[in-house]
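*Asks:* Quick one: the structure is below, questions incoming.
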């Protein structure tokens with residue numbers, strides 16, 4: 001028994017030293033004044049998640065690294081998302097072991113929220129492209145070819161890149177060898193695009209474009225064939241769709257809304273879902289579908305919701 005206890009006491013300090021705390025200071029690049037609070041993500045070697053959290057109003061962000069590696073590089077990424085009124089950027093903070101790194105950020109007048117889902121991977125964090133120009137030239141060319149073929153040159157001008165994920169396949173397999181052994185092939189480019197109005201503003205609809213290493217499509221583009229059906233370039237807004245949906249379903253603050261590409265209809269649709277409860281009847285889901293091009297109500301369905309206990 002004594003031997004066991006001694007072993008435990010000897011092992012615990014070893015693990016405790018693996019977790020270390022560090023701090024960085026975030027300042028305005030132009031004025032040198034502290035900037036905060038900002039949501040920050042800490043990375044190791046540019047592609048492994050370490051930690052995340054909010055900095056303070058005085059610009060200081062304190063975080064811990066579970067297994068600090070003095071041979072690795074560390075970065076903090078601050079995106080133009082949520083309430084971060086700064087330009088997106090990734091900053092090297094590898095000197096944090098010796099001093100408090102100063103991270104300089106540029107103020108922004110607005111923020112752009114996420115409009116597409118992203119994919120989480122074990123041991124690996126893909127790079128988010130901050131602009132279309134960050135994509136390799138050959139991928140830029142392929143992206144334009146795919147989209148113009150689908151929607152035509154005019155509508156292509158209304159598509160704006162809004163982040164996404166760039167994945168280094170070799171590095172991903174290095175960190176996840178079991179994925180390679182199982183034959184799993186992730187998207188090398190999972191790019192988010194938002195569809196703006198005719199003035200290039202707002203967000204009428206968003207979709208992911210999935211490509212392999214060479215820039216070839218890995219799944220169907222979630223857009224109608226607008227090039228051959230120009231009438232489908234017309235997309236009604238959520239506000240317009242809501243006004244139409246109110247004719248067939250109760251719309252309130254609890255109504256769930258979603259837009260997606262219906263491949264069977266070859267159209268973008270707005271979906272409204274209302275959950276109702278009636279005594280002795282139970283919960284029901286009422287869904288109403290509005291064609292986002294014509295504004296017609298094209299479907300309504302009621303389903304029972306079964307709650308498993």
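The numbers here are math on the coordinates, done by the rules we state, and not lab data. From a predicted model like this one, the values you see are computed outputs, not experimental measurements. Cβ atoms come from the backbone with ideal geometry, glycine included; neighbour counts cover every protein chain shown.
*Asks:* Quick check for you: which residues of the stretch 107-125 have the amide N under 19 Å from the point 7 Å beyond the Cα of residue 52 toward its beta carbon?
*Replies:* Output list for this probe position: 111-125.
*Asks:* If you find the alpha carbon centre of the stretch 259-300 and of the stretch 68-114, how far apart are they in angstrom?
*Replies:* Measuring centre to centre over Cα atoms gives 41 Å.
*Asks:* Using Cβ counts within 10 Å as a stand-in for footprinting exposure, how do 74, 261, 277 rank, fewest first? List each step's numbers first, then the result.
*Replies:* Numbers: 74 24, 261 17, 277 9.
So the ranking, lowest neighbour count to highest, is 277, 261, 74.
*Asks:* Next up: When the helices in the chain are scored as -39500 (n - 2.57) per DSSP H run of 4 or longer and the sum is shared across all residues, what 222 nm value do you end up with, to the nearest 500 deg cm²/dmol? Walk me through the intermediate numbers first.
*Replies:* On the way: 5 runs with 55 residues, N = 309.
For the chain, the value works out to -5500 deg cm²/dmol.
*Asks:* Let me ask you something else. Would you please put 39-50, 119-130 in order of how densely packed they are, using the mean number of other Cβ atoms within 10 angstrom per residue and starting with the highest?
*Replies:* Numbers: 39-50: 18.4, 119-130: 15.9.
Order by mean packing, descending: 39-50, 119-130.
*Asks:* Label-point separation (nm) for residue 69 and residue 148, each offset 7 Å from Cα along Cα-to-Cβ?
*Replies:* Going by the 7 Å Cα→Cβ label model, 4.2 nm.
*Asks:* Among 132, 22, what is the fewest-to-most ranking by other Cβ atoms within 10 Å?
*Replies:* Values: 132 15, 22 19.
Ordered by Cβ neighbours within 10 Å, fewest first: 132, 22.
*Asks:* What does the highest-first list of 201-210, 176-185 look like by mean Cβ count within 10 Å? Let's see the in-between values first.
*Replies:* Values: 201-210: 18.3, 176-185: 11.6.
Going by the mean number of other Cβ atoms within 10 Å, highest first, we get 201-210, 176-185.
*Asks:* For the pair residue 92 and residue 175, what calculated FRET efficiency results from E = 1/(1 + (r/R0)^6), where r is the Cβ-Cβ distance and R0 = 22 Å, to the nearest 0.05? Display every interim value, and only then the final one.
*Replies:* Values: r = 20 Å, r/R0 = 0.92.
Calculated value: 0.60.
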